[in-house]
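One structure is given below, encoded as structure tokens.
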Amino acid sequence: MSLKFIDLFAGIGGFRQGMEKSGYECVFSAEIDDNACEVYEANYGENPKCDITKLDASSIPDFDVLCAGFPCQSFSISGKQKGFYDETRGTLFFDICRILEEKKPKAFILENVKNLSTHDKGRTLSIMLASLNKLGYTVNYKVLNAKQFGVPQNRERIILVGNRLGKFYDFDKLEENQVFSMRNFLDSENEFEYLSNDEYTLIEEEYVKTQPNSGLRFVGYRNKKIRTVGVREGTEHLSRVHKQPNRIYSVDGIHPTLPSQEISGRFYIYDGKNVRKLTIEECYRFMGFPEDFKRVGSLSQQYLRIGNSVCVNMIKEVSKELYYLLEGEFELVEEITPRQLLENFYNEVQGKDIDVINEENPLTAEQINMVNNIVEKEATNKGVYTVLLSSLVYKSLNPTQDVRYHQTELENGYSGRSFDTKYVTPFLKEKRLRGAMKESGWLTRSLEQKHPYTLDFPGAINNKNVKQSFLGILNDVEENEVSPDKYILHILKRSIIEKEKQNIVLLNPVTRESKLNINEILELLEQHFNYKYSSRGASILPVVAFYTIYQCLLEEMNRYKGKYLEELGSHYSSDRSSNAAGDIVVRNTSDDTHYEVVEIKFGIKIDNIILEDAYNKIKPTKIQRYYILSTEEPSNQEKIAFDKRIEEIKNEHGCQLIVNGLMKALNYYLRLIEDTDKFLERYIENINSNPEINYEHRVSWNSILNKKIIHSK
């Protein structure tokens, strides 16, 4: 018996094509666009016209798999965390969740643009995953490319697959068929739209290269106006200086993403003799649609429809693997995989209160305190968090291994780094947990040492409580034989709670006031910096404020033309970025040298030692200005004492060293910015997205704003 599926946001049936090729049966479809409905009916004999927002979920026939290629929308997060109804209401994703909750199908496949993973600073995907998990689904996702599945198109899309069986969907098992050229997919005869020779320019052969990631082969451009902002002379051979519709690509490479925005739906290709556009038949072929597929409507509508569709071949392979996962003989597999074990732990804590977790898996107050120390600093001590979780999971799978001996070079040791890289870090990244690293926790220098993680471990972990808790938990597991599973469950539950706290929406005074003056902005910032926090870490707030100032200045002031702002690194790392000379670094775009640097001191008075340390950082660079700003403003007498040494440094090096109070400097720079509303909006955005700013710092901002609103009434 075949599995049944429903086709939501059906378009022209790309999902249906792929699903039916894998043996599924469609029992319901929904689409709101009239032209798409006409195409769908012409090909499948049914009209899917339906407004999903008004659909009674209970009226849908029973099915096994929900399929949807839905629009990407922002969510308005209340911060109260009442579940997906509050978090996603008013979005089309809400309607997907509503149907999943009502019908409880075995699985789903969702498709969206690649940028979903970074949309709204990553909050959108994070909320989606949390909502789907709460509905009982084990979810995995990956960005796939159409060119991996037998069509010559560089089309990256994120695919989310979930199931209610608690099984791990492994994207690595998909059968791929990489394509490198358009040639075998092109028409030999048709009414081609050629460009005349005077309408385009082919670049010199020495500049023609196949782009390694995309497979595109840029060979020329239409003779149209090229980009000018940030573009150097003599760079016409670079594809990025030309707007997309003006680029020409060789048929010996693959084609860019067929767009939905362009009514022409395609770019220009060069076959070695002539330059032309793709035909409409070629466009449908590039998406994996069959030759006999019926197209309805004007040519522009047909291009729009195909640009909005999904790659049929990709859906076929994804759904084929899902079919096996849902119907395969998995009971024959005796040993659980590390990834499946992680999924099991994660699923077990979903929907349970922390008290229930502790009741079922009791830990002492001291043990819970160690877990809290790890999770509270999860974002700033990612290496410790990842290494600990990896060690515990490995212990759960291999009870006889002493996981403190984390390297094969140690006697009776094992490769913790390899285990983490293959299983744990990918899991943390997919679940969007704050402790996820790029590759492995063992890449942290303080942890990758040839010494076991015993209580005398010498690694310089920067937080004393974190280090003691890390070593204490491993000691507890190995010496006191405490179950690693208990620690894993408590860590994951608390990590999920902390992750969901990050979704709190920060109040924006700009939306509540006609316009705040600079004194009012300074008052808000000073209150935010000096709020009575229960935990440490507020020193990052003035750094973020000045970083925001520079974001605005680089857009507005000619002085910063040809300069760029280095990404804000870890505030707590002594070597947070290569050659970093301070908290905020502006560099010259031309040669990547330092141009201007800001060092910020929070609650620390500037003295001669700090001044000399700054000069030692300056010496090997070409920095023109170096600011040392402190919340402890120097007195006039102290400034006079500094001036002599500052003048000597200027004569020796050429750099202008500037010492000042932080709030005075903020006042000065805010007056340079044309639109202070933009500064406030970006400051809120930055404190919302920076992983080192914790929940308490976000809540305090809202508390300060609420008090201001009440007092102003």
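The values are calculated or read from the model by the stated rules, or taken from the named source; none is laboratory data. In this text, all values refer to a predicted model and were calculated from it rather than measured experimentally. FYI the Cβ positions are ideal-geometry reconstructions off the backbone, even for glycines, and counts take in every protein chain you see.
Could you grab me the full set of residues in the stretch 123-139 that are hydroxyl-bearing (Ser, Thr, Tyr) and part of a strand (DSSP E or B)? Residue satisfying the conditions is Thr138 alone.
Which one of Tyr346, Tyr303, Tyr324 is aromatic (Phe, Trp, Tyr), within 25 Å of Glu25 (Cβ to Cβ) and either part of a helix (DSSP H, G or I) or modelled with pLDDT of 90 or more (or both)? Steps first, answer last, please.
Working: Tyr346 fails: within 25 Å of Glu25 (Cβ to Cβ); Tyr303 fails: within 25 Å of Glu25 (Cβ to Cβ).
Unique residue meeting the criteria: Tyr324.
Screening the candidates Leu474, Leu433, Leu428, Leu443 for the property of being at pLDDT 95 or above and of a type in the set (A, V, I, L, M, F, W, C) yields one hit, Leu474.
Mind listing just one residue for me: the one in the stretch 102-122 that is in a helix (DSSP H, G or I) and either of a type in the set (A, V, I, L, M, F, W, C) or touching a helix residue (DSSP H, G or I) at 6+ places or on another chain (Cβ under 8 Å) (or both) and, of those, modelled with the lowest pLDDT?
Only one residue fits best here, namely Lys121.
Yes/no matrix, rows are residues, columns are (1) over 26 Å from Lys605 (Cα atoms); (2) in a helix (DSSP H, G or I); (3) under 25 Å from the mean Cα position of the chain (by Cα):
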position	(1), (2), (3)
Ile658	no, no, no
Ala665	no, yes, no
Tyr668	no, yes, no
Arg671	no, yes, no
Glu674	yes, no, no
Lys678	yes, yes, yes
Tyr683	no, yes, yes
Ser700	no, yes, no
Leu705	yes, yes, no
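Contact annotation: residue pairs with Cβ atoms under 7 Å, 6 or more positions apart or on different chains, pairing a residue in the stretch 270-289 that is without any contact (Cβ under 8 Å) to a residue 60 or more places away in the chain with a partner that is surrounded by fewer than 19 Cβ atoms within 10 Å (Cβ to Cβ) and outside any loop (DSSP other than H, G, I, E, B), are Ile280/Leu299. Please verify whether Ser495 is buried (at least 17 other Cβ atoms within 10 Å of the Cβ) and among the polar types (S, T, N, Q), treating the condition exactly as stated. Yes.
Just to check your reading of the model, which residue among Lys617, Lys605, Lys622, Lys639 is outside any strand (DSSP E or B), under 22 Å from Val544 (Cα atoms) and modelled with pLDDT under 85?
Values: Lys605 fails: modelled with pLDDT under 85; Lys622 fails: under 22 Å from Val544 (Cα atoms); Lys639 fails: under 22 Å from Val544 (Cα atoms).
Step by step, each of Lys617, Lys605, Lys622, Lys639 is checked, and only Lys617 is outside any strand (DSSP E or B), under 22 Å from Val544 (Cα atoms) and modelled with pLDDT under 85.
The listed residues are Arg183, Arg155, and the only one of them that is surrounded by fewer than 21 Cβ atoms within 10 Å (Cβ to Cβ) and of a type in the set (Lys, Arg) turns out to be Arg183.
Filter the stretch 284-317 down to residues that are of a type in the set (A, V, I, L, M, F, W, C) and over 14 Å from Lys147 (Cα atoms) and give me whichever is surrounded by the fewest Cβ atoms within 10 Å (Cβ to Cβ). Among residues in the stretch 284-317 that are of a type in the set (A, V, I, L, M, F, W, C) and over 14 Å from Lys147 (Cα atoms), the one surrounded by the fewest Cβ atoms within 10 Å (Cβ to Cβ) is Leu299.
Yes/no matrix, rows are residues, columns are (1) within 19 Å of Phe529 (Cα to Cα); (2) loosely packed, with under 12 Cβ neighbours inside 10 Å:
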position	(1), (2)
Pro620	no, yes
Tyr626	no, no
Leu629	yes, no
Lys639	no, no
Gln656	no, no
Met663	yes, no
Leu670	yes, no
Asp675	no, no
Lys678	no, no
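With the condition kept exactly as written, say whether any residue in the stretch 191-204 is surrounded by 12 or more Cβ atoms within 10 Å (Cβ to Cβ) and under 17 Å from Gln148 (Cα atoms). No, the stretch 191-204 has no match at all.
As an exercise: evaluate Ile628 against (1) modelled with pLDDT of 85 or more; (2) out of contact with any Gly (no Cβ under 9 Å at 6 or more places or on another chain) and give the number of the one condition it does not meet. The one condition Ile628 does not meet is (2).
Out of all the residues in the stretch 405-441, which are among the aliphatic types (A, V, I, L, M), farther than 17 Å from Leu125 by Cα and assigned to a helix (DSSP H, G or I)? Break it down into steps so the answer makes sense when it comes.
Residues of the stretch 405-441 that are among the aliphatic types (A, V, I, L, M), as a first pass: 410, 424, 428, 433, 436-437.
Filter again for farther than 17 Å from Leu125 by Cα, leaving 410, 424, 437.
Within the stretch 405-441, Val424 is the sole residue that qualifies.
Scanning the stretch 2-33 for residues that are surrounded by fewer than 21 Cβ atoms within 10 Å (Cβ to Cβ), of a type in the set (Ser, Thr, Tyr) and touching a helix residue (DSSP H, G or I) at 6+ places or on another chain (Cβ under 8 Å) yields one hit, Ser22.
Does the stretch 2-12 hold any residues that are touching a residue at least 60 places away in the same chain (Cβ under 8 Å) and either touching a strand residue (DSSP E or B) at 6+ places or on another chain (Cβ under 7 Å) or assigned to a strand (DSSP E or B) (or both), and which are they? Outline the logic, then answer.
Keep residues of the stretch 2-12 that are touching a residue at least 60 places away in the same chain (Cβ under 8 Å), which gives 3-9, 11-12.
Within the stretch 2-12, Leu3, Lys4, Phe5, Ile6, Asp7, Leu8, Phe9, Gly11 qualify.
Scanning the stretch 181-219 for residues that are under 14 Å from Pro256 (Cβ atoms) and in a strand (DSSP E or B) yields Thr210, Arg217, Phe218, Val219.
Collect the residues in the stretch 516-563 that are basic (Lys, Arg) and in contact (Cβ under 8 Å) with a residue 24 or more places away in the chain, keeping them in residue-number order.
Lys563
Taking the conditions exactly as written (within 30 Å of Phe5 (Cα to Cα) and either acidic (Asp, Glu) or over 31 Å from the mean Cα position of the chain (by Cα) (or both)), does Asp187 satisfy them or not?
Working: within 30 Å of Phe5 (Cα to Cα): no; either acidic (Asp, Glu) or over 31 Å from the mean Cα position of the chain (by Cα) (or both): yes.
Against the criterion (within 30 Å of Phe5 (Cα to Cα) and either acidic (Asp, Glu) or over 31 Å from the mean Cα position of the chain (by Cα) (or both)), Asp187 does not qualify.
Residue by residue through the stretch 343-369, note down the ones that are under 19 Å from Lys464 (Cβ atoms) and either β-branched (Val, Ile, Thr) or touching an Asp or Glu at 6+ places or on another chain (Cβ under 8 Å) (or both). Of everything in the stretch 343-369, those that are under 19 Å from Lys464 (Cβ atoms) and either β-branched (Val, Ile, Thr) or touching an Asp or Glu at 6+ places or on another chain (Cβ under 8 Å) (or both) turn out to be Gln367, Ile368. A count restricted to the stretch 442-482 and to residues that are in a loop (DSSP other than H, G, I, E, B), under 26 Å from Asn361 (Cβ atoms) and without any contact (Cβ under 8 Å) to a residue 12 or more places away in the chain stands at 2.
Looking across the stretch 140-152 at every residue that is part of a strand (DSSP E or B) and in contact (Cβ under 8 Å) with a residue 24 or more places away in the chain, the one that is surrounded by the most Cβ atoms within 10 Å (Cβ to Cβ) is identified as Phe149.
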